[in-house]
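I have placed the structure first, in the form of structure tokens, so that the comments after it can refer back to it.
Taken together, the values in this text are just the output of simple stated rules run on the coordinates, not laboratory data. Keep in mind it's a predicted model, so treat the numbers as computed, not measured. No Cβ is skipped: glycine too gets one built from the backbone with ideal geometry, and neighbour counts run over all protein chains shown.
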Amino acid sequence: MKKNMRICLVASAGGHLSQLLKLAECWDGYELFCITTSGLLRQNLHREGRVYVVGECNRQHPLRVIKVLLRCIRIVLREKPHVVISTGAAVGCIACFLGKLVSAKIVWIDSITNVEQISLSGRMVKHIADLFLVQWHDLASQHKSVEYVGEVI
């Protein structure tokens, strides 16, 4: 990766975001921006780059999904990331698909809480991901194009 590469970090607030931020040394020196679901973490994320708060969404609330989708479209078209890195959940899935539309490389890291199966968002993104990582060896052995690299936390 080149140092002038623009990376989008995207994760839902809480455990998904905590796991993503544990990897901060991996993107040190790159141009970053973050998409997340809660403004409460804006202060913590500010050192990672620009922060966009799009709100929570999930499949039980389709109108929220549409709102988040529209917000993410604006962000991705404005920022034009070269790489999208996400640990989920729904907002990560949305951003990964949008990133692919602007030719971004997609890196998905499925949450450590998914012990027996890949998350729903992960199953959707798996088909477009350039790199798909899981944190359980058994999950990697059950799926093609899925890699195990150890635990993030």
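Among the residues here, residue 125 qualifies as in contact with a Phe, Trp or Tyr (Cβ under 6 Å, 6 or more places away or on another chain), under 29 Å from residue 3 (Cβ atoms) and either of a type in the set (S, T, N, Q) or buried (at least 22 other Cβ atoms within 10 Å of the Cβ) (or both). For segment 97-119, the candidate set comprises residues that are touching a residue at least 60 places away in the same chain (Cβ under 8 Å) and of a type in the set (A, V, I, L, M); within that set, the residue that is surrounded by the fewest Cβ atoms within 10 Å (Cβ to Cβ) is 112. Among the polar types (S, T, N, Q), touching an Asp or Glu at 6+ places or on another chain (Cβ under 8 Å) and assigned to a loop (DSSP other than H, G, I, E, B): does that describe residue 4? Yes; evaluated as a whole, the condition is true for this residue. Scan segment 5-14 and give yes if some residue there is surrounded by fewer than 12 Cβ atoms within 10 Å (Cβ to Cβ), out of contact with any Cys (no Cβ under 9 Å at 6 or more places or on another chain), free of Cβ contacts under 8 Å to residues at least 60 places away in the same chain and not polar (S, T, N, Q), otherwise no. Looking for residues that are surrounded by fewer than 12 Cβ atoms within 10 Å (Cβ to Cβ), out of contact with any Cys (no Cβ under 9 Å at 6 or more places or on another chain), free of Cβ contacts under 8 Å to residues at least 60 places away in the same chain and not polar (S, T, N, Q), one finds none in segment 5-14, hence no.
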